[in-house]
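The values are calculated or read from the model by the stated rules, or taken from the named source; none is laboratory data. Model, not experiment: these values are computed from the prediction. All Cβ positions, glycine included, derive from the backbone under ideal geometry; neighbour counts span all protein chains shown.
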Amino acid sequence: MGASVTAVERLLATLDEKGPREGDFPSRWHDERLAARVGLALGICFGVCFVTGLLSHLIQHPGGWFVWPVHPAWLYRVTQGVHVLTGIAAIPLLLIKLWTVYPRLYAVPRVRSALHGLERLSVAVLVSAALFQLVTGLQNIVHWYPWGFSFPRVHYAVAWVAIGSVVLHIAVKLPAIRRGLTSPAEEAPAEPRPRADGPSRRWLLAAAAAASLGAVLATAGQTVPWLRRASVLAVRTGRGPQGVPVNKTAAAAGVRRRATDPGWRLAVTGPGGSLSLSLAALEAMPQHVVELPIACVEGWSASASWRGVRVRDLAEAVGAAPDASMRFTSLQTGGLYRVSELPARHVRAPESLVALQVNGEPLNLDHGYPCRLIAPSRPGVLQTKWLSQIEVLP
Amino acid sequence: MRLRVAIGVLGVLAIGFGAVLILLQEPGRIPRILVWLAGPLAVHDGLLAPATLGLAWLGRRVLPRRVWGPAVVGLALAGTTVLLALPLLLSPAEGMVPGLLDRNYPRGVVIGLLAAALITGLLATLGRGRRPSREAESGDGD
C-alpha cells in the first residue's frame with residue numbers, strides 16, 4: 001500500500017513537471033464562449049431527456065399523485081421517442097462541450113483549496129454520470145448488457161446524479177455562463193488575437209449543430225415512420241412479424257408450450273365473480289378494432305390495427321366498480337414485466353383491448369398469442385403479452 | 001449569489017437522492033457501477049480526447065488553412081457516425097429478437113461517412129468562392 005502511494009505521488013509529480021498544462025492548449029476553441037453555447041444546447045437536451053425519462057419511470061411505478069393521461073394515444077410514443085432522441089443528440093454535444101474545456105483537466109495547481117477540490121470533484125461526477133447515461137442508454141436499445149446490474153434501476157438513479165450535477169454546475173459557473181453567452185462568438189477586430197489562430201469559432205458551433213442533427217436524422221426512423229429510409233443507423237426499421245416489432249419472443253419468455261396449449265383459459269376475476277374464458281369464448285364476445293401504437297421504452301414505436309375484446313366489457317362482466325383498476329398477469333413465470341397494472345382511466349377507455357388479432361391476423365406467438373393487452377399511451381413493457389389472468393383490484 | 005446557492009443546493013440534493021437510490025436498490029453492485037461510471041470517463045479523457053488532439057495536430061499540418069473549418073464539421077459528423085455505429089455492430093443481440101438490429105449497418109456507416117465527406121467538400125468549395133475570411137487574412141500577420 002505504502003509503495004503504491006509513493007508510486008502514485010511520483011507519477012503525479014512527473015505529470016506536474018512534464019505533463020501537459022492548461023496553457024499548452026492554445027486553440028481558440030477551448031473557450032468559455034463556446035463552452036457556454038454548446039453547454040446551453042447540451043443542458044436543454046439533458047433537461048428534456050431527464051423529464052421524459054422521469055415520466056416513463058412514473059408511468060411504470062405510479063405513486064398516488066401521478067396521473068398519466070389516456071389521450072392522446074400517441075403521447076407516450078412521443079415522450080419516449082424524444083427521450084431516446086435527445087440522448088442521441090447529446091452524444092456529439094457532450095463530446096464537443098468537453099473539447100471546449102479539455103485543457104482545464106490539466107490546470108495546475110491541481111487543487112488550490114478544499115472548495116476548488118470539491119468543484120473539480122463535482123465536474124468529474126458530472127462528466128462520468130453524463131457519459132454513463134449516454135453509454136448505458138445506447139447499449140440498452142441494442143439489448144447489450146455486459147455490466148451485471150439492473151439497467152432500469154441504475155439508469156434511473158444515475159439520471160438523478162447527472163441532472164443534479166448539471167444543476168450544481170450551472171450554479172457554480174453562472175457568472176462564466178453569463179459572460180460566455182453575452183459576448184459574441186467572435187472577438188471584435190480590435191481585440192488582441194489569440195496565440196494560435198485557427199478557423200472561426202462559428203465552425204465549432206456549426207459542427208456541433210450538424211453532428212447532433214445528423215445523429216437524430218440517422219436514428220429517428222425507429223419511431224418516425226417517414227424517416228425510416230433515411231435513418232441508416234436506427235436500431236429498428238419498425239417492421240417485424242405482422243408489421244410490428246417484437247422485444248421479447250415467446251421462446252425467450254419460455255411460454256411457447258403453455259401459450260399453445262388447447263386447454264388455455266383466461267381467468268377474469270372481480271367482486272361480482274370470475275370467468276374462465278377459452279379463446280373461442282373471447283372470440284364470441286363483441287369485437288372492436290382500434291388503431292394504436294406500440295411504443296417501447298427503448299424509443300421505437302409502430303402503429304398497428306388491433307382487434308379484440310374491450311377491457312371494460314370484461315371488467316363489467318365480473319362486476320368491477322367504475323373506478324377500479326386492473327392487474328394483468330402473463331403466462332411468463334418470471335421477468336420484470338410479467339405483471340402490469342392498468343389504471344382505472346385506461347380500464348374505462350374504449351380503446352383498451354384484450355387483443356386477439358393484429359393487422360387482420362391472429363396474434364403471432366411472439367406478439368402474445370392467445371391474447372395480449374393493448375391500451376393507449378403506455379410503454380410497451382406494460383402491454384402484457386400471453387395473458388393468463390386479469391383481476392379487478394380492490 | 002443567494003439564487004446561485006439555492007440552485008446549487010437543489011443540485012446537491014438531486015445527486016444525493018440518486019446516490020441513495022443506488023445504495024438502497026443495488027448495494028451489492030456498487031463496485032460494478034463505479035467501474036461503469038469511471039470507465040467511460042477514462043476512455044474519453046485518456047483516449048478519445050488525446051486522439052482528437054492528434055487528429056487536429058495532423059490536420060493543421062496536412063490540410064490547407066481554408067479547409068480547417070469544414071474539416072472540423074466533417075470530423076464531428078464522421079466521429080458521430082462511428083460512435084453511433086459501434087453498439088449496432090458490436091451488440092451480441094443481433095438476430096435474437098425479430099425486428100431488432102434489422103438494417104445493414106456497415107452500409108449505414110459507409111453512407112454516414114460519405115455524407116460527412118460530401119458536406120465537408122461542399123463547405124470547402126463554397127468557402128473558396130467567398131472573399132477570404134478575417135482569420136485567413138490576419139493569420140500570417142499575427
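Restricting attention to the range B:106-119, which residues are more than 7 Å from chain A (Cβ to nearest Cβ) and either surrounded by 21 or more Cβ atoms within 10 Å (Cβ to Cβ) or closer than 15 Å to A:Leu138 by Cβ (or both)? If the condition is that a residue be more than 7 Å from chain A (Cβ to nearest Cβ) and either surrounded by 21 or more Cβ atoms within 10 Å (Cβ to Cβ) or closer than 15 Å to A:Leu138 by Cβ (or both), then B:Ala116 is the only one that fits. Regarding A:Ala349, is this residue buried (at least 19 other Cβ atoms within 10 Å of the Cβ), within 21 Å of A:Val255 (Cβ to Cβ) and among the small types (Gly, Ala, Ser)? So A:Ala349 does not fit the description; no.
Are any of the residues in the range B:40-61 among the β-branched types (Val, Ile, Thr) and either more than 30 Å from A:His367 (Cα to Cα) or in contact (Cβ under 8 Å) with a residue 60 or more places away in the chain (or both)? Write out each step before concluding.
Kept after step one, since they are among the β-branched types (Val, Ile, Thr), are these residues of the range B:40-61: B:43, B:52.
From what is left, the residues that are either more than 30 Å from A:His367 (Cα to Cα) or in contact (Cβ under 8 Å) with a residue 60 or more places away in the chain (or both) are B:43, B:52.
Within the range B:40-61, one or more residues are among the β-branched types (Val, Ile, Thr) and either more than 30 Å from A:His367 (Cα to Cα) or in contact (Cβ under 8 Å) with a residue 60 or more places away in the chain (or both).
Working carefully through the options A:Gly180, A:Gly238, A:Gly137, find the one that is on the phi > 0 side of the Ramachandran plot and touching a residue at least 40 places away in the same chain (Cβ under 8 Å). Going through A:Gly180, A:Gly238, A:Gly137 in turn, just one is on the phi > 0 side of the Ramachandran plot and touching a residue at least 40 places away in the same chain (Cβ under 8 Å): A:Gly238.
For every residue, the table says whether it meets (1) among the charged types (D, E, K, R); (2) surrounded by fewer than 21 Cβ atoms within 10 Å (Cβ to Cβ); (3) touching a helix residue (DSSP H, G or I) at 6+ places or on another chain (Cβ under 7 Å).
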{"site": "A:Ala320", "(1), (2), (3)": "no, no, no"}
{"site": "A:Ser325", "(1), (2), (3)": "no, yes, yes"}
{"site": "A:Leu331", "(1), (2), (3)": "no, no, yes"}
{"site": "A:Ser340", "(1), (2), (3)": "no, yes, yes"}
{"site": "A:Val354", "(1), (2), (3)": "no, no, yes"}
{"site": "A:Leu363", "(1), (2), (3)": "no, no, no"}
{"site": "A:Arg378", "(1), (2), (3)": "yes, no, yes"}
{"site": "A:Thr384", "(1), (2), (3)": "no, no, no"}
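The set of residues in the range A:363-377 being aliphatic (A, V, I, L, M) and outside any loop (DSSP other than H, G, I, E, B) consists of A:Leu365, A:Leu373, A:Ile374. The residues of the range A:29-61 that are more than 17 Å from the chain's Cα centre (by Cα) and of a type outside the set (D, E, K, R), listed by number, are A:Trp29, A:His30, A:Leu34, A:Ala35, A:Ala36, A:Val38, A:Gly39, A:Leu40, A:Ala41.
Just to verify a result, which residue in the range A:95-124, among those that are surrounded by 21 or more Cβ atoms within 10 Å (Cβ to Cβ) and at the interface with chain B (Cβ under 9 Å from one of its Cβ atoms), is farthest from the chain's Cα centre (by Cα)? Can you show your working first?
As a first pass, look at the range A:95-124 and keep what is surrounded by 21 or more Cβ atoms within 10 Å (Cβ to Cβ): A:95-100, A:102.
Restricting the remaining residues to those that are at the interface with chain B (Cβ under 9 Å from one of its Cβ atoms) gives A:95-96, A:98-99, A:102.
Working: A:Leu95: 20, A:Ile96: 22, A:Leu98: 23, A:Trp99: 26, A:Tyr102: 28 Å.
Only one residue fits best here, namely A:Tyr102.
Considering A:Glu361, A:Glu341, which residue is in contact (Cβ under 8 Å) with a residue 60 or more places away in the chain and under 26 Å from A:Ser150 (Cβ atoms)? Before the answer, list the steps.
Values: A:Glu361 fails: under 26 Å from A:Ser150 (Cβ atoms).
Answer to the check: A:Glu341.
Can you pull out the residues in the range A:140-156 that are in a loop (DSSP other than H, G, I, E, B) and either closer than 18 Å to B:Gly95 by Cβ or more than 7 Å from chain B (Cβ to nearest Cβ) (or both)?
The first filter runs over the range A:140-156 and keeps only residues in a loop (DSSP other than H, G, I, E, B), leaving A:142-150.
Of everything in the range A:140-156, those that are in a loop (DSSP other than H, G, I, E, B) and either closer than 18 Å to B:Gly95 by Cβ or more than 7 Å from chain B (Cβ to nearest Cβ) (or both) turn out to be A:Val142, A:His143, A:Trp144, A:Tyr145, A:Pro146.
Filtering A:Gly148, A:Gly137 for residues that are closer than 24 Å to A:Val38 by Cβ and touching a helix residue (DSSP H, G or I) at 6+ places or on another chain (Cβ under 8 Å) leaves a single hit, A:Gly137.
When you check A:Arg239 against the structure, is it modelled with pLDDT under 95, within 12 Å of chain B (Cβ to nearest Cβ) and more than 30 Å from A:His57 (Cα to Cα), yes or no? Spelling it out, it is not the case that A:Arg239 is modelled with pLDDT under 95, within 12 Å of chain B (Cβ to nearest Cβ) and more than 30 Å from A:His57 (Cα to Cα).
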